[in-house]
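The values are calculated or read from the model by the stated rules, or taken from the named source; none is laboratory data. Keep in mind the model is a prediction, meaning the values are calculated, not measured. Cβ: placed from backbone, ideal geometry, glycine included. Neighbour counts: every protein chain shown.
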Amino acid sequence: MTTAFITHPDCRLHDMGAQHPECPGRLDAINDRLIAAGLDIYLEYHEAPQASMEQLLRAHARPYLEMLADSAPQQGIVHLDADTAMSPGTWSAALRAAGAGILATDLVMQGQVANAFCAVRPPGHHAERARAMGFCFFNNIAIAALHGVEAWGLQRVAVVDFDVHHGNGTEHILSGREDVLMVGSFQHPFYPYSGTGPTAANMLNVPLPAGTRSEAFREMVVTHWLPRLREFSPELICISAGFDAHLEDDMASLALVEADYAWVTAQLMEVAAASAAGRIVSMLEGGYALSALGRSVAAHIRTLAGL
């Protein structure tokens, strides 16, 4: 089976301003690198559908969704906070980003593909049940995980987050559930300055100090993540795939490289092979140094595709 690559042109329409790091060029950098690396011909391409209100309501409060819809401007930019703004294309882009995770989950559960990568924006892991923040509006990965539970009857879904920032929104939405395990690592202290306090039993947060490099990251995965994941025995793994912990990404201060993303992907694939029939849904989160982003996603996808 192949790896699905899910995206949509609408994801380029979300624009928070010329100087904003979460820019449409992120998707262009990924596509260009896949072509340059010769990976595009091995992927099964799909266009993301729009997520439905029912699917969004699994993770978000109705008044919040209604507020977002009402806030979408006809022109210009409307700020929801200092970092997070809506343009005329934001609502459609966000629906497609969430819908990509829904489609990816369906494709892997139906056995049509081995795994899937969603090249979408806006990202999602900072979005809480009723709050947009950190460039995020809908929590795409939580919506995908809960689709696995609600639509496919899964009893154990794992969410893995290796973005440089703590996935506070995902934790907020999924905390306390017995059918979802979340493991994550993130630079600390750093935005959003969370993830180090008491957590629910289904949450495993591993803060990393600034300057953390490959060896320490890999030791953390082996020591903390993998035993917990194997014990949980997930039926589906959903990855919040942020690539802003890369050495070249100057918006943060971790020092991972492409080989680390390939390695951690391979480790997660082994877990998925043991208990989830290989099923993995990976969704783009951060990553703002465009060349490093393209190379890192290519390494991640090359591993997913077994190339």
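Key figures
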| read-out | value |
| --- | --- |
| Qualifying residue in segment 132-141 (condition: surrounded by fewer than 24 Cβ atoms within 10 Å (Cβ to Cβ), part of a helix (DSSP H, G or I) and β-branched (V, I, T)) | no |
| Residue match in segment 232-248 (condition: farther than 19 Å from V281 by Cβ, touching a strand residue (DSSP E or B) at 6+ places or on another chain (Cβ under 8 Å), in contact (Cβ under 8 Å) with a residue 60 or more places away in the chain and crowded, with 23+ Cβ neighbours inside 10 Å) | yes |
| Filtered residue count, segment 252-299, keeping only those that are under 25 Å from G153 (Cβ atoms), crowded, with 24+ Cβ neighbours inside 10 Å and of a type outside the set (A, V, I, L, M, F, W, C) | 2 |
| Pair list, Cβ under 9 Å, 6 or more apart: segment 91-120 residue within 17 Å of R302 (Cα to Cα), other residue at pLDDT below 95 | V113/M1; A114/M1; N115/M1 |
| Given (1) assigned to a helix (DSSP H, G or I); (2) in contact with a Pro (Cβ under 6 Å, 6 or more places away or on another chain), number of the condition A158 does not satisfy | (1) |
| Residues of segment 142-183 classified as in contact with a helix residue (DSSP H, G or I) (Cβ under 9 Å, 6 or more places away or on another chain) and of a type in the set (S, T, Y), total | 1 |
| Segment 47-88, residues that are over 21 Å from E171 (Cα atoms), among the small types (G, A, S) and either surrounded by fewer than 18 Cβ atoms within 10 Å (Cβ to Cβ) or touching a Ser or Thr at 6+ places or on another chain (Cβ under 8 Å) (or both) | A48, S52, A69, S71, A72, G76, A82 |
| Given (1) without any contact (Cβ under 8 Å) to a residue 60 or more places away in the chain; (2) more than 18 Å from H126 (Cβ to Cβ); (3) assigned to a helix (DSSP H, G or I), number of the condition P63 does not satisfy | (1) |
| Filter result (of a type in the set (A, V, I, L, M), in contact with a Pro (Cβ under 9 Å, 6 or more places away or on another chain) and closer than 19 Å to F162 by Cα) within segment 81-127 | A97 |
| Near pairs, Cβ below 7 angstrom, 6+ apart or cross-chain, from segment 14-26 (on the phi < 0 side of the Ramachandran plot and modelled with pLDDT of 95 or more) to any residue that is buried (at least 20 other Cβ atoms within 10 Å of the Cβ) and among the polar types (S, T, N, Q) | H14/T90 |
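To keep it simple, each residue is scored yes or no on (1) of a type in the set (A, V, I, L, M); (2) part of a helix (DSSP H, G or I); (3) modelled with pLDDT of 95 or more; (4) touching a strand residue (DSSP E or B) at 6+ places or on another chain (Cβ under 7 Å).
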| site | (1), (2), (3), (4) |
| --- | --- |
| L146 | yes, yes, yes, no |
| H172 | no, yes, yes, yes |
| Y193 | no, no, yes, no |
| R228 | no, yes, yes, yes |
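Here is a yes/no grid of residues against (1) at positive phi; (2) among the aliphatic types (A, V, I, L, M); (3) assigned to a helix (DSSP H, G or I); (4) in contact (Cβ under 8 Å) with a residue 40 or more places away in the chain:
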| residue | (1), (2), (3), (4) |
| --- | --- |
| H224 | no, no, yes, yes |
| M251 | no, yes, no, yes |
| A272 | no, yes, yes, yes |
| Y288 | no, no, no, yes |
| S291 | no, no, yes, yes |
| A299 | no, yes, yes, yes |
| T303 | no, no, yes, yes |
